Amino acid sequence: MTGRWRAIFRPVLRVDLLAGAKALDDPLPTPAVEPVALRLALPDDFPSLASLAEAEIRGIPDFPLRVSFLDEFARLHHKGDVCFLLEIDGRIAYFSWVAFDTAALSAYGLISPLLEGEAYVSMSYTFPAYRRRGVATAARVEANRWLRDHGVRQAYSWVRTHNTASLKVRERAGWRVVGQLTQFIWRIRRRYTLLTVTTNDPDDPLSTWCGPERLNIDGGIRITRRGAAGSG
């Protein structure tokens, strides 16, 4: 088989995601480091932030963008999302985008409408020089505080199971896993979803956002299982 045909007929890909949630009315944990000076990014911040993202993040599976980061940041800002930005000694150390309309992971055809008082962490990243210092956890706690103070009661996120660093940050910031999803994707020039298996506990109020009543999946067969995430 030639290289051209190998590029067209790719194997089935498996994607494993965990659904996280945080009830913001619950007490916020105390980070191991001093509180950080988190702020909301302004449009003037987007060019420098996008330049850093293009250099360090492009190609990472957790950020499968088909457009430039600058275009994506402009789109998110236009639709009302907010971007939390942390700078240390004048350099961007961390950013995180939060949505209030939908919990969407377009690369995998996942979308859940958000209700009043809900928010979705759509994109977060700690630049390598600032990792393993507790910075991301402190920033996540401060972001949760800001969201709570602005009327948000529940916050959600999808995280790939292999992304242990992000999972640890969310756990330390008081989040917990409320659901899981396994998706099988076939690539023939473009991505096609073959099968999606979701697991969540319908009796858990924090898991309804990723349950069958609200989670829309574009394409393929869907299998829904009842039970706690990780229960099999």
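Data table
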{"item": "Count of residues meeting criterion [within 20 Å of A23 (Cα to Cα) and open to solvent by less than 50 Å² (accessible area, probe 1.4 Å)] in the range 202-226", "result": "8"}
{"item": "Residue count, the range 114-134 (criterion: among the aliphatic types (A, V, I, L, M) and either over 21 Å from E56 (Cβ atoms) or surrounded by fewer than 21 Cβ atoms within 10 Å (Cβ to Cβ) (or both))", "result": "4"}
{"item": "Residue under evaluation A104, criteria (1) surrounded by 15 or more Cβ atoms within 10 Å (Cβ to Cβ); (2) touching a residue at least 40 places away in the same chain (Cβ under 8 Å), criterion not met", "result": "(2)"}
{"item": "Residue match in the range 49-70 (condition: open to solvent by less than 60 Å² (accessible area, probe 1.4 Å), in contact with a Ser or Thr (Cβ under 9 Å, 6 or more places away or on another chain) and under 24 Å from V152 (Cα atoms))", "result": "no"}
{"item": "Failed criterion for T198 (all others in (1) over 28 Å from L40 (Cβ atoms); (2) open to solvent by less than 20 Å² (accessible area, probe 1.4 Å); (3) at pLDDT below 95 hold)", "result": "(3)"}
{"item": "Members of the range 149-176 that are open to solvent by 70 Å² or more (accessible area, probe 1.4 Å) and either over 19 Å from D25 (Cβ atoms) or in contact (Cβ under 8 Å) with a residue 24 or more places away in the chain (or both)", "result": "R153, H162, T164, K168, R172, R176"}
{"item": "Only one of V12, V98, V82 that is loosely packed, with under 13 Cβ neighbours inside 10 Å, under 23 Å from N163 (Cβ atoms) and either over 17 Å from the mean Cα position of the chain (by Cα) or at pLDDT 90 or above (or both)", "result": "V12"}
{"item": "Selection status of R133, part of a strand (DSSP E or B), modelled with pLDDT under 90 and either out of contact with any Phe, Trp or Tyr (no Cβ under 7 Å at 6 or more places or on another chain) or basic (K, R) (or both)", "result": "no"}
{"item": "Failed item, numbered, when R140 is tested on (1) within 18 Å of A21 (Cβ to Cβ); (2) open to solvent by 40 Å² or more (accessible area, probe 1.4 Å); (3) basic (K, R); (4) at pLDDT below 95", "result": "(2)"}
{"item": "Of all residues in the range 177-195 being over 13 Å from W158 (Cβ atoms) and among the β-branched types (V, I, T), the one that is surrounded by the most Cβ atoms within 10 Å (Cβ to Cβ)", "result": "I185"}
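The values are calculated or read from the model by the stated rules, or taken from the named source; none is laboratory data. Since we're looking at a predicted model, the values are computed, not measured. When we count neighbours, we look across all protein chains shown, and the Cβ atoms used for this are built from the backbone with ideal geometry, even at glycine. Keep in mind that these areas ignore ligands, DNA and RNA; they rest on the heavy atoms of the full protein, side chains included. Shrake-Rupley method; radii C 1.70, N 1.55, O 1.52, S 1.80 Å.
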